[in-house]
Amino acid sequence: MTQLAYHRPVSAAEAARLAAGDPEAKLLAGGQSIVPSLKLGLLAPSALIDLAGIPELRGIRLQGRTLTVGAMTTHAAVAASPEVRSSIPALARLAEGIGDRQVRNRGTAGGSLANSDPAADYPAAALALGAVLRTTRRPIPADAFFKGLFETALEPGELLTAMEFPVPDRAAYVKLPQPASRFALVGVFLAQTGGAVRVAVTGAAPCVFRVREMEEALARRFAPESLAGIGLAADGLSSDIHGSAAYRAHLIPVLARQAVAQALG
């Protein structure tokens, strides 16, 4: 049997030191991805560094036009937060649509972002809202954070500590969930701040991405009909047992129009 060490640090700095000292160790947030991977034999880390005992990584704070969410804040806490509901209600709705009650009470916002699952919901919110992801070393803009399939800009020993979401004028998230997992078959998060619009898509490719043509059209006029005639090529999109690349390409503008309508109320 493989030996697996277990660490329970009490500060982000201690967790970062442990991770930097053992490149084969894995950080354990909510465990909703890593535990199944361990059970299936897809991971064989030398150690688990459990972040659950670090109070500084939890909590939600609204200061002016910035909503800060600690990396170890659960989906359930985000969904129920008065600060989130009042400032970015689309983010609260996103959180309450993740998985089931057990997943929402164990899974964490930071864990989802650091994992960069191609069908996860939070990456779309971070990218569309133009979030800044704070680590033990530096701030990373969302546009520079997501690199590819389960790949981010986080370096060995670097720990995600909090996410700073600028409060938009309006935002919405619409997804077609895979019925069993409730991961996004395709999800579209869009946000308008002043005259700028950002549109992020998850579930459709190996990594979350923005749709610039939609952003430019909606910046000119924020209305569902502004997206008429805008389509995406299926090339490079994901194709699996749940849906073909062509199906996902078809869904993106459909969900984007629904998201605009929802944002307009």
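The values are calculated or read from the model by the stated rules, or taken from the named source; none is laboratory data. Computed from a predicted structure; not experimentally measured. Note that we place each Cβ from the backbone using ideal geometry, even for glycine, and neighbour counts take in every protein chain shown.
Quick one: is L62 in contact (Cβ under 8 Å) with a residue 24 or more places away in the chain and in a strand (DSSP E or B)? It is true that L62 is in contact (Cβ under 8 Å) with a residue 24 or more places away in the chain and in a strand (DSSP E or B). In the range 225-265, of all residues being in a helix (DSSP H, G or I) and among the small types (G, A, S), the one that is farthest from G187 (Cα to Cα) corresponds to S226.
Condition check: hydrophobic (A, V, I, L, M, F, W, C), within 22 Å of P166 (Cβ to Cβ), at pLDDT 95 or above and touching a helix residue (DSSP H, G or I) at 6+ places or on another chain (Cβ under 9 Å). Does V84 satisfy that? Against the criterion (hydrophobic (A, V, I, L, M, F, W, C), within 22 Å of P166 (Cβ to Cβ), at pLDDT 95 or above and touching a helix residue (DSSP H, G or I) at 6+ places or on another chain (Cβ under 9 Å)), V84 qualifies. Restricting to the range 9-29, and then to whatever is of a type outside the set (A, V, I, L, M, F, W, C) and not in a helix (DSSP H, G or I), can you tell me which residue is surrounded by the most Cβ atoms within 10 Å (Cβ to Cβ)? Ranking the candidates gives P9 first.
Among the residues of the range 194-224 satisfying the criterion of being of a type outside the set (G, A, S), without any contact (Cβ under 8 Å) to a residue 60 or more places away in the chain and in a loop (DSSP other than H, G, I, E, B), which is surrounded by the most Cβ atoms within 10 Å (Cβ to Cβ)? Ranking the candidates gives V211 first.
Screening T74 on (1) surrounded by fewer than 18 Cβ atoms within 10 Å (Cβ to Cβ); (2) modelled with pLDDT of 95 or more; (3) within 25 Å of E158 (Cβ to Cβ) shows it passes everything except condition (1). Within the group E158, E151, which residue is of a type in the set (D, E, K, R) and under 14 Å from the mean Cα position of the chain (by Cα)? Matching residue, one of E158, E151: E151.
Here A162, A128 are screened, and the one residue that is touching a helix residue (DSSP H, G or I) at 6+ places or on another chain (Cβ under 8 Å), at pLDDT 95 or above, crowded, with 24+ Cβ neighbours inside 10 Å and small (G, A, S) is A162. The set of residues in the range 75-134 that are among the hydroxyl-bearing types (S, T, Y) and over 22 Å from A259 (Cβ atoms) contains only T108. Of the residues making up the range 123-153, just one is among the small types (G, A, S), outside any loop (DSSP other than H, G, I, E, B) and farther than 18 Å from A184 by Cβ, namely A144.
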